[in-house]
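Undergrad: Take this structure, written in C-alpha coordinates, and hold onto it; I'll ask about it next.
The values are calculated or read from the model by the stated rules, or taken from the named source; none is laboratory data. Keep in mind that what you see is a predicted model, and the values were worked out from it rather than measured. Counting neighbours? That spans all protein chains shown, and the Cβs are built from the backbone with ideal geometry, glycine included. All accessible areas refer to the heavy atoms of the entire protein, side chains included, with ligands and DNA or RNA removed. Shrake-Rupley method; radii C 1.70, N 1.55, O 1.52, S 1.80 Å.
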Amino acid sequence: MSNLPLLTPITSAWMHELMEEKSVLNELLEKYGSPINIHQTDSMEDNFTSYQNVFDEFGLKYKIFFARKANKTKGAVQKARSLGMGIDTASYQEYTQCLDMGISGSDLIVTAAVKNRKLVEKAVQNGSLLILDNEDECALVQEVASDQNKKAQIGFRVSGFFLNERKLFSRFGFDLLDINNFITTNLINSSKYNLLEYKGLHFHLNGYSIEERSFALTQCIAFSQLLSKKGLKTEFIDIGGGILMNYLEHETEWEHFNQQLRTAISKKIDPITFGNQGLGIEELEGVLRGELKTYPFWNSISKGDFLRGILSHKTHAGENLAEAAKKLEIEIRMEPGRSMLDQVGLTVAKVAFRKKDSEGHWLVGLEMNMTQMLSGSSDFLLDPFVLYQEVQVKEQPVEVYFTGAYCLERDILLKRKIALANLPQVGDLVIFVNTAGYMMHFFESSAHLFPLATNLIWNRTTENGKIHSAHFQNDENL
Ligand SMILES: *Cc1c(COP(=O)(O)O)cnc(C)c1O
(Lines give C-alpha, C1' and ligand atoms only; values in the text may rest on other atoms or scores of the structure.)
Protein backbone atom coordinates (compact mmCIF):
# COMPACT_ATOMS: atom_id res chain seq x y z
CA MET A 1 0.00 0.00 0.00
CA SER A 2 1.15 3.46 -0.86
CA ASN A 3 1.06 6.30 1.64
CA LEU A 4 0.65 8.93 -1.05
CA PRO A 5 -2.30 11.25 -0.47
CA LEU A 6 -5.27 10.69 -2.76
CA LEU A 7 -7.26 13.44 -4.47
CA THR A 8 -10.41 11.74 -5.70
CA PRO A 9 -12.10 13.81 -8.40
CA ILE A 10 -15.84 14.38 -8.64
CA THR A 11 -16.99 12.47 -11.72
CA SER A 12 -20.21 12.03 -13.68
CA ALA A 13 -22.06 8.93 -14.86
CA TRP A 14 -21.11 9.64 -18.49
CA MET A 15 -17.42 9.47 -17.63
CA HIS A 16 -17.81 6.01 -16.09
CA GLU A 17 -19.99 4.76 -18.94
CA LEU A 18 -17.21 5.74 -21.27
CA MET A 19 -14.41 4.28 -19.19
CA GLU A 20 -16.26 0.98 -19.19
CA GLU A 21 -16.11 0.93 -23.02
CA LYS A 22 -12.41 0.50 -23.51
CA SER A 23 -12.86 -0.75 -27.06
CA VAL A 24 -14.58 2.48 -28.12
CA LEU A 25 -11.82 4.56 -26.57
CA ASN A 26 -9.21 2.40 -28.31
CA GLU A 27 -10.98 2.91 -31.61
CA LEU A 28 -11.15 6.67 -31.11
CA LEU A 29 -7.45 6.87 -30.27
CA GLU A 30 -6.65 4.72 -33.28
CA LYS A 31 -8.60 7.10 -35.49
CA TYR A 32 -7.62 10.49 -34.03
CA GLY A 33 -4.27 9.84 -32.36
CA SER A 34 -3.35 10.50 -28.74
CA PRO A 35 -4.45 12.44 -26.79
CA ILE A 36 -8.12 13.15 -27.46
CA ASN A 37 -10.43 15.51 -25.61
CA ILE A 38 -13.93 14.17 -25.16
CA HIS A 39 -16.80 16.51 -24.32
CA GLN A 40 -20.27 15.67 -23.10
CA THR A 41 -22.12 18.94 -22.71
CA ASP A 42 -25.26 17.84 -20.78
CA SER A 43 -23.74 19.04 -17.49
CA MET A 44 -23.71 22.60 -18.79
CA GLU A 45 -27.43 22.62 -18.13
CA ASP A 46 -26.93 21.88 -14.41
CA ASN A 47 -24.23 24.51 -14.23
CA PHE A 48 -26.47 27.06 -15.94
CA THR A 49 -29.47 26.17 -13.77
CA SER A 50 -27.38 26.61 -10.65
CA TYR A 51 -26.98 30.31 -11.56
CA GLN A 52 -30.45 30.75 -12.97
CA ASN A 53 -32.05 29.54 -9.73
CA VAL A 54 -30.19 32.12 -7.69
CA PHE A 55 -31.22 35.00 -9.96
CA ASP A 56 -34.82 33.78 -9.84
CA GLU A 57 -34.65 33.44 -6.06
CA PHE A 58 -33.84 37.17 -5.87
CA GLY A 59 -36.29 38.06 -8.62
CA LEU A 60 -33.52 39.78 -10.54
CA LYS A 61 -33.30 40.62 -14.20
CA TYR A 62 -30.22 38.80 -15.48
CA LYS A 63 -28.28 37.53 -18.43
CA ILE A 64 -25.57 34.89 -18.38
CA PHE A 65 -22.81 34.83 -20.99
CA PHE A 66 -20.61 31.78 -21.49
CA ALA A 67 -16.95 32.89 -21.55
CA ARG A 68 -15.88 30.68 -24.39
CA LYS A 69 -12.17 31.37 -24.05
CA ALA A 70 -12.14 28.61 -21.40
CA ASN A 71 -12.66 25.97 -24.12
CA LYS A 72 -12.29 26.18 -27.89
CA THR A 73 -15.06 23.82 -28.99
CA LYS A 74 -18.08 24.84 -30.97
CA GLY A 75 -19.97 22.09 -29.16
CA ALA A 76 -19.81 23.98 -25.87
CA VAL A 77 -20.93 27.19 -27.58
CA GLN A 78 -23.87 25.42 -29.22
CA LYS A 79 -24.93 24.00 -25.89
CA ALA A 80 -24.68 27.39 -24.18
CA ARG A 81 -26.76 28.90 -26.93
CA SER A 82 -29.41 26.20 -26.68
CA LEU A 83 -29.70 26.98 -22.97
CA GLY A 84 -30.47 30.60 -23.83
CA MET A 85 -27.11 31.98 -22.79
CA GLY A 86 -25.23 34.75 -24.51
CA ILE A 87 -21.57 34.28 -25.44
CA ASP A 88 -18.64 36.34 -24.19
CA THR A 89 -15.96 36.48 -26.88
CA ALA A 90 -12.31 37.41 -26.52
CA SER A 91 -11.00 37.61 -30.08
CA TYR A 92 -12.01 38.24 -33.71
CA GLN A 93 -11.91 34.49 -34.33
CA GLU A 94 -14.10 33.62 -31.33
CA TYR A 95 -16.50 36.36 -32.30
CA THR A 96 -16.88 35.62 -36.02
CA GLN A 97 -17.11 31.88 -35.40
CA CYS A 98 -20.14 32.55 -33.18
CA LEU A 99 -21.72 34.67 -35.93
CA ASP A 100 -21.03 31.90 -38.45
CA MET A 101 -22.80 29.50 -36.10
CA GLY A 102 -25.88 31.65 -36.47
CA ILE A 103 -25.73 33.37 -33.09
CA SER A 104 -27.19 36.85 -33.31
CA GLY A 105 -25.00 39.86 -32.62
CA SER A 106 -27.26 40.92 -29.77
CA ASP A 107 -26.38 37.70 -27.89
CA LEU A 108 -22.65 38.32 -28.23
CA ILE A 109 -20.45 40.56 -26.16
CA VAL A 110 -16.82 41.42 -26.81
CA THR A 111 -14.52 41.66 -23.80
CA ALA A 112 -11.29 40.97 -25.73
CA ALA A 113 -8.20 42.43 -24.02
CA VAL A 114 -7.04 43.66 -27.42
CA LYS A 115 -9.66 44.72 -29.94
CA ASN A 116 -8.31 45.31 -33.42
CA ARG A 117 -10.19 47.36 -35.99
CA LYS A 118 -11.46 44.25 -37.78
CA LEU A 119 -13.09 43.00 -34.60
CA VAL A 120 -14.56 46.39 -33.72
CA GLU A 121 -15.97 46.80 -37.24
CA LYS A 122 -17.68 43.41 -37.10
CA ALA A 123 -19.07 44.01 -33.63
CA VAL A 124 -20.46 47.46 -34.43
CA GLN A 125 -21.90 46.21 -37.70
CA ASN A 126 -23.69 43.38 -35.92
CA GLY A 127 -24.87 45.46 -32.98
CA SER A 128 -22.86 43.58 -30.34
CA LEU A 129 -21.91 45.17 -27.06
CA LEU A 130 -18.23 46.07 -26.68
CA ILE A 131 -16.74 46.29 -23.20
CA LEU A 132 -14.25 49.16 -23.37
CA ASP A 133 -11.01 49.07 -21.44
CA ASN A 134 -9.27 52.36 -22.20
CA GLU A 135 -9.62 55.65 -24.04
CA ASP A 136 -7.84 54.49 -27.20
CA GLU A 137 -10.57 51.88 -27.57
CA CYS A 138 -13.21 54.58 -27.18
CA ALA A 139 -11.58 56.55 -29.99
CA LEU A 140 -11.40 53.49 -32.24
CA VAL A 141 -15.01 52.54 -31.64
CA GLN A 142 -16.17 56.14 -32.22
CA GLU A 143 -14.23 56.19 -35.52
CA VAL A 144 -15.64 52.86 -36.69
CA ALA A 145 -19.18 53.85 -35.69
CA SER A 146 -18.79 57.12 -37.58
CA ASP A 147 -17.61 55.23 -40.70
CA GLN A 148 -20.65 53.00 -40.45
CA ASN A 149 -22.91 55.89 -39.66
CA LYS A 150 -24.40 54.14 -36.66
CA LYS A 151 -24.14 53.97 -32.89
CA ALA A 152 -22.01 51.44 -31.04
CA GLN A 153 -23.28 49.77 -27.89
CA ILE A 154 -20.71 49.89 -25.15
CA GLY A 155 -20.06 49.16 -21.52
CA PHE A 156 -17.08 50.29 -19.47
CA ARG A 157 -14.78 47.89 -17.72
CA VAL A 158 -14.01 49.28 -14.28
CA SER A 159 -11.25 48.37 -11.83
CA GLY A 160 -9.30 49.74 -8.88
CA PHE A 161 -12.03 48.83 -6.40
CA PHE A 162 -11.50 49.44 -2.73
CA LEU A 163 -11.71 46.71 -0.16
CA ASN A 164 -11.68 48.65 3.07
CA GLU A 165 -8.37 50.56 2.82
CA ARG A 166 -6.85 48.32 0.16
CA LYS A 167 -7.12 49.09 -3.54
CA LEU A 168 -7.34 46.01 -5.78
CA PHE A 169 -4.77 46.16 -8.55
CA SER A 170 -5.68 45.39 -12.14
CA ARG A 171 -4.11 46.09 -15.50
CA PHE A 172 -7.58 46.05 -17.02
CA GLY A 173 -10.27 48.66 -17.19
CA PHE A 174 -10.79 52.29 -16.21
CA ASP A 175 -9.80 53.21 -12.69
CA LEU A 176 -12.77 53.85 -10.48
CA LEU A 177 -11.21 57.15 -9.39
CA ASP A 178 -10.93 58.41 -12.97
CA ILE A 179 -13.96 57.10 -14.76
CA ASN A 180 -16.49 59.56 -13.39
CA ASN A 181 -14.44 62.45 -14.70
CA PHE A 182 -13.82 60.65 -18.00
CA ILE A 183 -17.48 59.93 -18.69
CA THR A 184 -18.63 63.38 -17.56
CA THR A 185 -16.08 65.15 -19.76
CA ASN A 186 -16.36 63.00 -22.85
CA LEU A 187 -19.84 61.52 -22.93
CA ILE A 188 -22.00 63.95 -20.99
CA ASN A 189 -20.46 67.41 -21.42
CA SER A 190 -19.15 66.97 -24.94
CA SER A 191 -19.98 65.11 -28.13
CA LYS A 192 -16.48 63.67 -28.45
CA TYR A 193 -17.79 60.11 -28.13
CA ASN A 194 -21.37 60.79 -29.19
CA LEU A 195 -21.60 57.52 -31.11
CA LEU A 196 -20.88 55.40 -28.05
CA GLU A 197 -24.18 54.31 -26.60
CA TYR A 198 -23.56 53.66 -22.92
CA LYS A 199 -25.32 50.57 -21.59
CA GLY A 200 -23.57 49.49 -18.44
CA LEU A 201 -20.58 48.63 -16.27
CA HIS A 202 -18.40 45.57 -16.21
CA PHE A 203 -15.72 44.06 -14.02
CA HIS A 204 -13.86 40.77 -13.98
CA LEU A 205 -11.65 40.21 -10.97
CA ASN A 206 -8.64 38.03 -10.55
CA GLY A 207 -8.85 35.38 -7.85
CA TYR A 208 -11.90 33.84 -6.24
CA SER A 209 -13.04 36.14 -3.48
CA ILE A 210 -16.77 36.60 -2.90
CA GLU A 211 -15.99 39.59 -0.71
CA GLU A 212 -13.96 41.38 -3.38
CA ARG A 213 -16.76 40.84 -5.92
CA SER A 214 -19.34 42.13 -3.43
CA PHE A 215 -17.32 45.29 -2.86
CA ALA A 216 -16.83 45.75 -6.61
CA LEU A 217 -20.56 45.37 -7.25
CA THR A 218 -21.36 47.76 -4.40
CA GLN A 219 -19.04 50.36 -5.89
CA CYS A 220 -20.47 49.88 -9.39
CA ILE A 221 -24.01 50.32 -8.07
CA ALA A 222 -22.98 53.51 -6.28
CA PHE A 223 -21.32 54.80 -9.43
CA SER A 224 -24.39 53.98 -11.52
CA GLN A 225 -26.44 56.17 -9.14
CA LEU A 226 -24.03 59.02 -9.69
CA LEU A 227 -24.31 58.61 -13.47
CA SER A 228 -28.05 58.43 -13.26
CA LYS A 229 -28.12 61.85 -11.56
CA LYS A 230 -26.26 63.14 -14.60
CA GLY A 231 -28.81 61.61 -16.93
CA LEU A 232 -26.92 58.47 -17.92
CA LYS A 233 -28.85 55.28 -17.31
CA THR A 234 -26.97 52.08 -16.41
CA GLU A 235 -28.93 49.15 -17.81
CA PHE A 236 -26.67 46.40 -16.54
CA ILE A 237 -23.73 45.60 -14.31
CA ASP A 238 -21.67 42.61 -15.44
CA ILE A 239 -19.80 40.86 -12.62
CA GLY A 240 -17.57 38.81 -14.98
CA GLY A 241 -16.42 35.27 -14.23
CA GLY A 242 -14.10 33.60 -11.76
CA ILE A 243 -16.96 31.84 -10.02
CA LEU A 244 -15.53 28.86 -8.14
CA MET A 245 -16.24 25.26 -9.02
CA ASN A 246 -15.36 22.28 -6.86
CA TYR A 247 -13.30 19.44 -8.38
CA LEU A 248 -12.83 17.11 -5.43
CA GLU A 249 -14.99 14.61 -3.55
CA HIS A 250 -13.45 14.89 -0.11
CA GLU A 251 -12.34 17.85 1.94
CA THR A 252 -10.41 15.44 4.17
CA GLU A 253 -8.25 14.32 1.22
CA TRP A 254 -7.57 17.93 0.29
CA GLU A 255 -6.47 18.75 3.83
CA HIS A 256 -4.37 15.63 4.08
CA PHE A 257 -2.67 16.44 0.77
CA ASN A 258 -1.92 19.99 1.87
CA GLN A 259 -0.46 18.77 5.12
CA GLN A 260 1.59 15.98 3.47
CA LEU A 261 2.96 18.40 0.89
CA ARG A 262 4.26 20.65 3.64
CA THR A 263 5.73 17.69 5.50
CA ALA A 264 7.44 16.51 2.31
CA ILE A 265 8.86 19.96 1.57
CA SER A 266 10.25 20.00 5.12
CA LYS A 267 11.97 16.71 4.13
CA LYS A 268 10.30 14.78 6.95
CA ILE A 269 8.80 12.28 4.48
CA ASP A 270 9.68 11.23 0.95
CA PRO A 271 8.72 13.71 -1.77
CA ILE A 272 5.14 13.49 -3.03
CA THR A 273 5.84 15.78 -6.00
CA PHE A 274 8.37 15.60 -8.82
CA GLY A 275 11.68 16.94 -7.56
CA ASN A 276 9.91 17.75 -4.28
CA GLN A 277 8.40 20.84 -5.93
CA GLY A 278 6.48 22.94 -3.44
CA LEU A 279 3.76 24.26 -5.79
CA GLY A 280 4.28 27.69 -4.27
CA ILE A 281 5.57 26.59 -0.86
CA GLU A 282 9.28 26.51 -0.14
CA GLU A 283 11.57 25.84 2.75
CA LEU A 284 14.07 28.54 3.64
CA GLU A 285 16.43 27.96 6.56
CA GLY A 286 14.12 25.43 8.11
CA VAL A 287 10.99 27.57 7.78
CA LEU A 288 8.16 26.93 5.31
CA ARG A 289 7.20 30.01 3.35
CA GLY A 290 4.61 30.82 0.70
CA GLU A 291 1.34 29.10 0.03
CA LEU A 292 -0.09 26.58 -2.38
CA LYS A 293 -0.32 28.34 -5.75
CA THR A 294 -2.90 26.15 -7.42
CA TYR A 295 -6.59 26.51 -8.10
CA PRO A 296 -8.52 25.80 -4.87
CA PHE A 297 -9.55 22.39 -6.24
CA TRP A 298 -11.58 21.69 -3.13
CA ASN A 299 -13.91 24.46 -1.99
CA SER A 300 -17.20 24.46 -0.15
CA ILE A 301 -18.91 27.42 -1.84
CA SER A 302 -19.14 27.06 -5.59
CA LYS A 303 -21.29 27.99 -8.58
CA GLY A 304 -24.80 29.17 -7.53
CA ASP A 305 -23.84 29.38 -3.86
CA PHE A 306 -20.90 31.59 -4.78
CA LEU A 307 -23.20 33.88 -6.77
CA ARG A 308 -25.67 33.95 -3.89
CA GLY A 309 -22.80 34.99 -1.62
CA ILE A 310 -22.17 38.05 -3.79
CA LEU A 311 -25.80 39.07 -4.28
CA SER A 312 -26.79 38.65 -0.65
CA HIS A 313 -23.98 40.92 0.55
CA LYS A 314 -25.47 43.69 2.68
CA THR A 315 -24.90 47.36 1.85
CA HIS A 316 -24.61 50.13 4.46
CA ALA A 317 -28.30 50.83 3.92
CA GLY A 318 -29.03 47.33 5.21
CA GLU A 319 -30.40 45.96 1.96
CA ASN A 320 -28.57 43.30 -0.04
CA LEU A 321 -26.97 43.91 -3.43
CA ALA A 322 -29.72 42.05 -5.29
CA GLU A 323 -32.35 44.34 -3.73
CA ALA A 324 -30.26 47.39 -4.51
CA ALA A 325 -29.90 46.36 -8.17
CA LYS A 326 -33.57 45.54 -8.45
CA LYS A 327 -34.64 48.89 -7.05
CA LEU A 328 -32.50 50.66 -9.64
CA GLU A 329 -33.80 48.35 -12.40
CA ILE A 330 -30.30 47.17 -13.17
CA GLU A 331 -29.84 43.82 -14.90
CA ILE A 332 -27.08 41.69 -13.41
CA ARG A 333 -24.90 39.93 -15.92
CA MET A 334 -22.15 37.40 -15.46
CA GLU A 335 -19.63 35.57 -17.65
CA PRO A 336 -18.76 32.16 -16.21
CA GLY A 337 -16.20 30.18 -18.20
CA ARG A 338 -14.60 27.42 -16.15
CA SER A 339 -17.59 26.80 -13.90
CA MET A 340 -19.91 26.38 -16.93
CA LEU A 341 -17.64 23.52 -18.03
CA ASP A 342 -17.74 21.58 -14.77
CA GLN A 343 -18.14 17.86 -15.57
CA VAL A 344 -18.06 18.51 -19.32
CA GLY A 345 -14.80 17.00 -20.51
CA LEU A 346 -12.02 14.49 -20.12
CA THR A 347 -8.66 13.86 -21.78
CA VAL A 348 -7.49 10.40 -22.82
CA ALA A 349 -3.86 9.55 -23.59
CA LYS A 350 -2.04 6.37 -24.47
CA VAL A 351 0.93 4.98 -22.56
CA ALA A 352 4.04 4.98 -24.79
CA PHE A 353 6.69 3.63 -22.42
CA ARG A 354 7.67 2.93 -18.81
CA LYS A 355 11.13 3.51 -17.43
CA LYS A 356 13.00 4.59 -14.36
CA ASP A 357 14.68 7.97 -14.11
CA SER A 358 18.22 8.46 -12.86
CA GLU A 359 16.98 8.46 -9.26
CA GLY A 360 15.01 5.25 -9.69
CA HIS A 361 11.49 6.77 -9.90
CA TRP A 362 9.02 5.10 -12.24
CA LEU A 363 8.06 7.28 -15.18
CA VAL A 364 5.10 6.50 -17.39
CA GLY A 365 5.52 8.27 -20.74
CA LEU A 366 2.28 9.32 -22.41
CA GLU A 367 1.58 10.22 -26.01
CA MET A 368 0.71 13.79 -25.12
CA ASN A 369 2.57 16.87 -23.96
CA MET A 370 2.36 19.24 -21.02
CA THR A 371 0.54 21.95 -23.00
CA GLN A 372 -2.36 19.62 -23.66
CA MET A 373 -3.31 19.64 -20.00
CA LEU A 374 -1.76 22.72 -18.55
CA SER A 375 -3.04 24.69 -15.63
CA GLY A 376 -2.47 28.42 -15.29
CA SER A 377 -1.65 27.60 -11.68
CA SER A 378 1.15 25.35 -10.51
CA ASP A 379 -0.58 21.99 -10.91
CA PHE A 380 -3.78 20.12 -11.75
CA LEU A 381 -4.51 18.27 -8.52
CA LEU A 382 -6.87 15.45 -9.50
CA ASP A 383 -6.13 11.73 -9.50
CA PRO A 384 -6.21 10.29 -13.02
CA PHE A 385 -7.79 6.96 -13.97
CA VAL A 386 -5.84 4.17 -15.64
CA LEU A 387 -7.58 1.77 -18.02
CA TYR A 388 -5.52 -1.40 -18.23
CA GLN A 389 -5.95 -3.23 -21.52
CA GLU A 390 -5.45 -6.58 -19.82
CA VAL A 391 -7.28 -7.94 -16.81
CA GLN A 392 -5.17 -7.29 -13.72
CA VAL A 393 -5.20 -10.52 -11.74
CA LYS A 394 -2.92 -9.46 -8.96
CA GLU A 395 -2.22 -6.00 -7.57
CA GLN A 396 1.39 -4.89 -7.56
CA PRO A 397 1.17 -1.34 -6.23
CA VAL A 398 3.53 1.17 -7.76
CA GLU A 399 4.13 4.91 -7.57
CA VAL A 400 4.68 6.81 -10.81
CA TYR A 401 5.03 10.18 -12.48
CA PHE A 402 3.38 10.75 -15.86
CA THR A 403 5.69 12.39 -18.38
CA GLY A 404 4.99 14.09 -21.70
CA ALA A 405 6.48 14.30 -25.19
CA TYR A 406 8.20 17.67 -25.13
CA CYS A 407 11.96 17.40 -24.79
CA LEU A 408 11.95 19.37 -21.55
CA GLU A 409 12.92 18.02 -18.17
CA ARG A 410 9.81 19.76 -16.88
CA ASP A 411 7.31 18.05 -19.17
CA ILE A 412 5.73 16.23 -16.25
CA LEU A 413 1.96 15.98 -16.77
CA LEU A 414 1.07 16.00 -13.09
CA LYS A 415 3.63 17.20 -10.56
CA ARG A 416 2.18 14.76 -8.04
CA LYS A 417 3.47 11.24 -7.66
CA ILE A 418 0.53 8.93 -8.32
CA ALA A 419 -0.12 5.58 -6.65
CA LEU A 420 -1.45 2.87 -8.98
CA ALA A 421 -2.59 -0.70 -8.41
CA ASN A 422 -0.29 -1.91 -11.20
CA LEU A 423 2.36 -0.49 -13.46
CA PRO A 424 0.62 0.41 -16.74
CA GLN A 425 1.67 -1.44 -19.89
CA VAL A 426 2.44 0.15 -23.23
CA GLY A 427 -0.94 0.88 -24.87
CA ASP A 428 -2.90 1.27 -21.62
CA LEU A 429 -4.99 4.42 -21.35
CA VAL A 430 -4.71 7.23 -18.83
CA ILE A 431 -7.73 9.45 -18.30
CA PHE A 432 -7.71 12.92 -16.81
CA VAL A 433 -11.21 14.01 -15.88
CA ASN A 434 -12.90 17.40 -15.75
CA THR A 435 -10.35 19.05 -18.01
CA ALA A 436 -12.76 21.05 -20.23
CA GLY A 437 -12.27 24.36 -18.41
CA TYR A 438 -8.90 25.80 -19.50
CA MET A 439 -6.91 22.56 -19.07
CA MET A 440 -7.31 21.31 -22.64
CA HIS A 441 -6.88 24.35 -24.80
CA PHE A 442 -5.72 27.47 -23.07
CA PHE A 443 -2.00 26.77 -23.33
CA GLU A 444 -1.87 24.06 -26.00
CA SER A 445 0.96 24.42 -28.47
CA SER A 446 2.38 22.53 -31.43
CA ALA A 447 6.07 22.42 -30.62
CA HIS A 448 7.92 19.53 -32.35
CA LEU A 449 5.12 19.89 -34.97
CA PHE A 450 2.84 17.74 -32.84
CA PRO A 451 -0.72 18.32 -33.99
CA LEU A 452 -3.20 19.71 -31.48
CA ALA A 453 -5.47 17.14 -29.84
CA THR A 454 -8.75 16.32 -31.56
CA ASN A 455 -11.87 17.53 -29.75
CA LEU A 456 -14.77 15.13 -29.83
CA ILE A 457 -18.35 15.79 -28.80
CA TRP A 458 -20.25 12.79 -27.48
CA ASN A 459 -24.01 13.13 -27.67
CA ARG A 460 -24.39 10.11 -25.36
CA THR A 461 -26.77 8.17 -27.51
CA THR A 462 -26.35 4.43 -27.59
CA GLU A 463 -27.18 1.78 -30.16
CA ASN A 464 -28.87 -1.25 -28.60
CA GLY A 465 -27.54 -0.02 -25.29
CA LYS A 466 -23.99 0.13 -26.66
CA ILE A 467 -21.76 3.13 -27.02
CA HIS A 468 -20.49 3.39 -30.56
CA SER A 469 -17.51 5.34 -31.89
CA ALA A 470 -19.76 6.84 -34.58
CA HIS A 471 -21.54 8.83 -31.84
CA PHE A 472 -18.43 10.91 -31.26
CA GLN A 473 -18.31 13.91 -33.55
CA ASN A 474 -15.16 15.78 -34.40
CA ASP A 475 -15.82 19.33 -33.20
CA GLU A 476 -14.22 20.67 -36.39
CA ASN A 477 -17.12 19.27 -38.38
CA LEU A 478 -19.88 20.69 -36.22
C1 LIG B 1 -11.65 34.84 -18.43
C2 LIG B 1 -12.77 35.75 -18.32
C3 LIG B 1 -14.02 35.27 -17.89
C4 LIG B 1 -14.25 33.85 -17.44
O5 LIG B 1 -13.62 33.56 -16.24
P6 LIG B 1 -13.80 32.12 -15.55
O7 LIG B 1 -12.82 32.13 -14.44
O8 LIG B 1 -13.49 31.10 -16.57
O9 LIG B 1 -15.20 32.03 -15.09
C10 LIG B 1 -15.07 36.17 -17.88
N11 LIG B 1 -14.92 37.46 -18.25
C12 LIG B 1 -13.72 37.96 -18.64
C13 LIG B 1 -13.62 39.38 -19.05
C14 LIG B 1 -12.62 37.12 -18.70
O15 LIG B 1 -11.43 37.61 -19.07
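Undergrad: Could you grab the relative contact order for the chain? Cα pairs under 8 Å, six or more apart, rounded to a whole percent.
TA: Averaging sequence separation for qualifying contacts and normalising by length gives 22 percent for the chain.
Undergrad: If you don't mind, another one. Please list, or write none, the lysines whose alpha carbon is within less than 17 Å of the alpha carbon of Lys417, excluding same-chain residues fewer than 8 places away.
TA: Cross-link targets: Lys267, Lys268, Lys355, Lys356.
Undergrad: Could you list, bin by bin from short to long, the percent of Cα-Cα pairs of the stretch 1-134 in 10 Å steps?
TA: Histogram of Cα-Cα distances, whole percents per bin: 10, 30, 28, 21, 10, 2, 0.
Undergrad: Sort Cys98, Cys407 by heavy-atom solvent-accessible area, probe 1.4 angstrom, most to least.
TA: Per-residue accessible area, sorted high to low, gives Cys407, Cys98.
Undergrad: With just the Cα atoms defining each centre, how far is the stretch 185-209 from the stretch 212-273? Give it in Å.
TA: About 24 Å separates the Cα centre of the stretch 185-209 from the one of the stretch 212-273.
Undergrad: If you don't mind, another one. So, with a 1.4 angstrom probe, what is the percent of accessible area on the stretch 88-138 that is carbon and sulfur?
TA: Solvent-exposed carbon and sulfur of the stretch 88-138 make up 42 percent of the total.
Undergrad: Okay, next question. Can you compute log10 of I(q)/I(0) for the chain with the Debye formula, treating each Cα as one identical point scatterer, at q = 0.08, 0.13 Å⁻¹?
TA: One equal scatterer on each Cα of the chain leads to -0.54, -1.23.
Undergrad: Oh, and also: Run the numbers on the stretch 216-333 and let me know its relative contact order in percent, using alpha-carbon pairs under 8 Å that are six or more apart.
TA: Across the stretch 216-333, relative contact order equals 32 percent.
Undergrad: Distance check, please: which entries in Lys118/Lys167; Lys199/Lys229; Lys69/Lys115; Lys122/Lys192; Lys151/Lys233; Lys61/Lys192 exceed 25 angstrom between their Cα atoms?
TA: Lys118/Lys167; Lys61/Lys192
Undergrad: State, as an integer percentage, the relative contact order of the stretch 167-250 based on alpha-carbon contacts under 8 Å between residues 6 or more apart.
TA: Answer for the stretch 167-250 is 35 percent.
Undergrad: At a 1.4 Å probe, what is the % contribution of carbon and sulfur to the accessible area of the stretch 303-459?
TA: Result for the stretch 303-459: 53 percent of the exposed heavy-atom area is carbon or sulfur.
Undergrad: Sticking with this one: Enter the accessible area of Glu20 (Å², nearest 10), with the probe set to 1.4 Å and all protein chains included.
TA: 150 Å²
Undergrad: Quick check on the chain: helices-only [θ] at 222 nm, where DSSP H runs of length 4 and up contribute -39,500 (n - 2.57) each and the sum goes over total residues. Nearest 500, please.
TA: -8500 deg cm²/dmol
Undergrad: I would also like to ask the following. Once the whole set of protein chains is in place, how much accessible area is left on Lys22, using a 1.4 Å probe, in Å² to the nearest 10?
TA: 60 Å²
Undergrad: Taking 0.36 nm per intervening residue step and subtracting the Cα-Cα distance, what contour gain separates Ser170 from Thr263 on full extension?
TA: Contour length minus the Cα-Cα distance gives 30.0 nm.
Undergrad: Can you give the angle from 0 to 90° between the axis of helix 43-58 and the longest principal axis of the chain, with both taken from C-alpha atoms, to the nearest 10?
TA: Around 40 degrees separate the two axes.
Undergrad: Further question: Please list, or write none, the aspartates and glutamates whose alpha carbon is within less than 16 Å of the alpha carbon of Lys150, excluding same-chain residues fewer than 8 places away.
TA: Glu121, Glu197
Undergrad: What FRET efficiency comes out for Asn126 versus Glu27 if R0 is 45 angstrom and r is the Cβ-Cβ distance? Round to the nearest 0.05.
TA: 0.65
Undergrad: Leaving out ligands and nucleic acids, note down the accessible area per residue over the chain with a 1.4 angstrom probe, in whole Å².
TA: 44 Å²
Undergrad: Do the alpha carbons of any pairs in Lys293/Lys415; Lys394/Lys415; Lys63/Lys303 sit beyond 18 Å of each other, and which pairs?
TA: Exceeds cut-off: Lys394/Lys415.
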